[in-house]
Amino acid sequence: MSLWLVGARGAGKTSAGARAAALLGVELCDTDAAIERACGRPVRAIFATEGEAAFRVLERELVLAALLRPGRIVATGGGAVLDPEVRARLARHPGTVWLSAPPAVLAARIRGSDRPSLTGAPIEEELLHVAALRAPLYAEASRAGRVVDTAALGTEEVAAALAELWRSLPHAVGPERRA
């Protein structure tokens, strides 16, 4: 069993996921980083040269393949839930968790980063628009009702919550389960 993290960019999927993976002694798979390694280019360059649609195809393939490898924490890209099959498969997975935060918090976290704009609008406006479109998709993907509001939590607190969720999974793999 794996723990799958969905949510908007800036919600803490990678940072808290990495910390939780370290606490649990399991691997973190960051799907954006995996795509960058596979393509030899940053996500921003893929968006710029091939477009978002091409990136989403790569993301879909990687996420569907990753669903076959248990025993790790997977930080998905913010748009992974746009694909209906990915969303449906995540919804059937008991370890899918939505990391949530309001757009203003997300904007403060990602301001100045190299993350590509999805709309070309100012970051606050873009995040409001994207949140309105994707929040129902994140909720659908995390059908088990696993939501961690990261707005007022630090990385360590979110990681601790994720580690606790990991331990609650039926077939968790990790040092603390190998008694």
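The values are calculated or read from the model by the stated rules, or taken from the named source; none is laboratory data. Remember, it's a predicted structure, so these values are computed and weren't measured experimentally. Neighbour counts are summed over all protein chains in view; Cβ atoms, including those assigned to glycine, are modelled from backbone coordinates with ideal geometry.
One residue alone among GLY25, GLY7 is touching a helix residue (DSSP H, G or I) at 6+ places or on another chain (Cβ under 7 Å), of a type outside the set (S, T, N, Q) and loosely packed, with under 14 Cβ neighbours inside 10 Å, and that residue is GLY25.
Restricting the first member to region 163-177 and to residues that are over 17 Å from LEU99 (Cβ atoms), and the second to residues that are at pLDDT below 50 and not aromatic (Phe, Trp, Tyr), the beta-carbon pairs closer than 9 Å and six or more apart or on different chains are ARG167/GLY174; ARG167/GLU176; ARG167/ARG177; HIS171/ARG177. When region 152-166 is examined, which residues are found to be in a loop (DSSP other than H, G, I, E, B) and surrounded by 15 or more Cβ atoms within 10 Å (Cβ to Cβ)? LEU153, the sole residue that qualifies.
Only a single item in (1) outside any helix (DSSP H, G or I); (2) within 23 Å of ALA163 (Cβ to Cβ) is not met by ALA20, and it is number (1). Mind listing whichever residues of region 28-43 are surrounded by 14 or more Cβ atoms within 10 Å (Cβ to Cβ) and among the basic types (Lys, Arg)? ARG41 - this is the single residue of region 28-43 that is surrounded by 14 or more Cβ atoms within 10 Å (Cβ to Cβ) and among the basic types (Lys, Arg).
Pairing each residue of region 31-51 that is over 12 Å from LEU62 (Cβ atoms) with any residue that is surrounded by fewer than 11 Cβ atoms within 10 Å (Cβ to Cβ), provided the two are 6+ apart or on different chains, yields C-beta distances under 6 Å for ARG44/ASP114. Of all residues in region 140-149, those satisfying the criterion of being within 13 Å of the chain's Cα centre (by Cα) and either part of a helix (DSSP H, G or I) or of a type in the set (Val, Ile, Thr) (or both) are ALA141, VAL147, VAL148.
Residues being outside any helix (DSSP H, G or I), more than 16 Å from SER2 (Cβ to Cβ) and within 13 Å of the chain's Cα centre (by Cα): count how many of those fall in region 23-46. Write out each step before concluding.
Of the residues in region 23-46, the ones outside any helix (DSSP H, G or I) are 25-30, 40-42.
Retained after the next criterion (residues that are more than 16 Å from SER2 (Cβ to Cβ)): 40-42.
From what's left, within 13 Å of the chain's Cα centre (by Cα): none.
The total comes to 0.
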